[in-house]
Each structure stands twice: as C-alpha cells, then as structure tokens.
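To start, the structure itself, in structure tokens.
What follows draws every value from the coordinates through simple rules; no lab data is involved. The structure presented is a predicted model; accordingly, all values stated were derived computationally and were not measured. Cβ sites come from the backbone with ideal geometry, for glycine too, and all protein chains shown count toward neighbours.
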Amino acid sequence: MTNKVEKKLSGITRVAGVCGLFIPVVMFACLGLALASSPWFTWTEHALSDLGVQNTTAALFNYGMIAGGTLIFIFSLGLIKILSTKTGAYLLLLSSFALIGIGVFPETVFVLHFLTSASFFVILTIAFLIIGVTIKQNHFERSMGLLAFVFALIAIVSSILLFQLKGIALPEALSSFPAFVWCFIVGVKMTLA
C-alpha cells in the first residue's frame with residue numbers, strides 16, 4: 001500500500017514539476033510575442049497589463065496569463081506535496097488564481113483587473129518570503145529557500161521604482177520574472193525526483 005501511495009505521489013510531483021518547467025517558457029514566450037507586436041510599449045511608461053488591451057497583443061498577453069496561472073496552479077499542488085511547511089505553497093497556489101484573473105479581466109475591466117493584479121504581486125511576494133524562511137530540510141531546499149527569499153526581497157525593493165517611473169512594467173517584471181525562473185529550477189528537481 002505504501003509503495004502505491006509513494007508511486008502516485010511521485011507521479012503527481014513529476015507532472016507538477018513539468019508544469020514548473022513550462023511556467024517561464026509560456027510566460028516569457030507570450031510576453032515576448034506581445035512585446036514584439038507592440039512598438040508603442042516602453043518599460044518606463046507602461047504596465048505589462050497594457051499589452052492585454054489592444055488587438056493581437058491582447059490575445060497573446062491575456063491567454064499567456066491564463067496559461068501561466070494554470071501552470072502555476074498545478075505546480076503549486078506538487079509543491080504542497082513536497083514541502084514540509086506548506087503555507088508558502090498554498091499562497092503560491094492562491095497567486096495563480098490572481099494571475100489567471102489578470103488575463104480574464106483586462107485593464108478595460110478596471111476594478112477587477114486592479115484587484116487581481118495587485119493581489120498577484122502581493123501574494124506572490126509573501127509566498128516567496130514564507131517559502132524562503134521555512135524550507136530547510138536539505139541542501140537543495142535551503143538553497144531554493146534562500147533564492148526564494150532573495151527574489152522576494154527584489155520584489156519588495158523594486159516597488160521603490162513605482163515612485164520613480166511613470167509606468168510600472170519594470171517593477172512588475174522584477175517582481176515576477178525571478179519567481180518564474182525559481183519555479184523552473186524547482187520544477188527540474190521535482191521532475192527528476
């Protein structure tokens with residue numbers, strides 16, 4: 001019986017790990033394509049969500065957020081299975097719903113978009129802070145915990161840019177892009193486990 005449970009757990013963890021591998025691929029590809037088709041976009045004067053409003057870029061950006069959020073959701077389920085302290089993983093799972101919400105509610109639905117967008121960045125940062133201070137089971141976990149903590153600090157410090165720039169795309173990128181890379185690194189470990 002125990003062998004069956006361990007094998008099933010291993011399968012779930014591997015699927016979640018593969019999703020972790022695809023998070024940055026999907027997010028960076030969709031953002032890259034949306035940016036490439038938006039010559040008007042500047043990192044210092046716009047928000048990333050501005051890409052979710054106009055024509056072709058709207059589909060690329062919004063569907064990218066929905067797909068990325070779905071991948072983070074599945075990845076988080078696997079993370080919940082492997083972490084001894086699960087709070088950070090549950091918060092990461094919660095942030096996935098907010099990321100999906102960014103794609104479902106573009107800036108044209110201002111209040112819902114603002115709520116989902118602000119929730120995503122705040123919850124993601126808190127999730128990484130908690131993961132950073134709680135995972136310490138082995139060398140790999142300590143390394144990933146330290147990296148998560150550093151990425152959370154980068155997100156917090158990047159909020160200073162909110163007061164320096166006309167747009168918020170740079171703080172958004174500095175807050176989320178490292179998290180996507182972290183998911184990839186942990187995804188590799190989960191896939192090979």
*In region 133-148, what count of residues is obtained for those that are surrounded by fewer than 22 Cβ atoms within 10 Å (Cβ to Cβ) and part of a helix (DSSP H, G or I)?*
10
_Residues located in region 101-113, provided they are surrounded by fewer than 21 Cβ atoms within 10 Å (Cβ to Cβ), in a helix (DSSP H, G or I) and in contact with a helix residue (DSSP H, G or I) (Cβ under 6 Å, 6 or more places away or on another chain)_ = Gly101
*Between residues in region 82-106 that are farther than 24 Å from Thr134 by Cα and touching a residue at least 40 places away in the same chain (Cβ under 8 Å) and residues that are of a type in the set (A, V, I, L, M, F, W, C) and surrounded by 21 or more Cβ atoms within 10 Å (Cβ to Cβ), which pairs lie under 9 Å by C-beta distance while being six or more apart or on different chains?*
Ile102/Leu48; Ile102/Phe61; Ile102/Met65; Ile102/Phe120; Gly103/Phe61; Gly103/Met65; Val104/Met65; Pro106/Phe61
*Given (1) within 18 Å of Leu174 (Cβ to Cβ); (2) touching a Pro at 6+ places or on another chain (Cβ under 9 Å); (3) surrounded by fewer than 20 Cβ atoms within 10 Å (Cβ to Cβ), where does Phe151 come up short, assuming only one miss?*
(3)
*Just one of (1) surrounded by 15 or more Cβ atoms within 10 Å (Cβ to Cβ); (2) in a helix (DSSP H, G or I) trips up Ile160, so point out which.*
(1)
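Residues to consider are Met65, Met27; find the one that is in a helix (DSSP H, G or I), in contact with a Cys (Cβ under 8 Å, 6 or more places away or on another chain), of a type outside the set (Gly, Ala, Ser) and at negative phi.
On the way: Met27 fails: in contact with a Cys (Cβ under 8 Å, 6 or more places away or on another chain).
That would be Met65, the only listed residue that is in a helix (DSSP H, G or I), in contact with a Cys (Cβ under 8 Å, 6 or more places away or on another chain), of a type outside the set (Gly, Ala, Ser) and at negative phi.
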*Within region 34-53, count every residue that is free of Cβ contacts under 8 Å to residues at least 60 places away in the same chain and among the β-branched types (Val, Ile, Thr).*
1
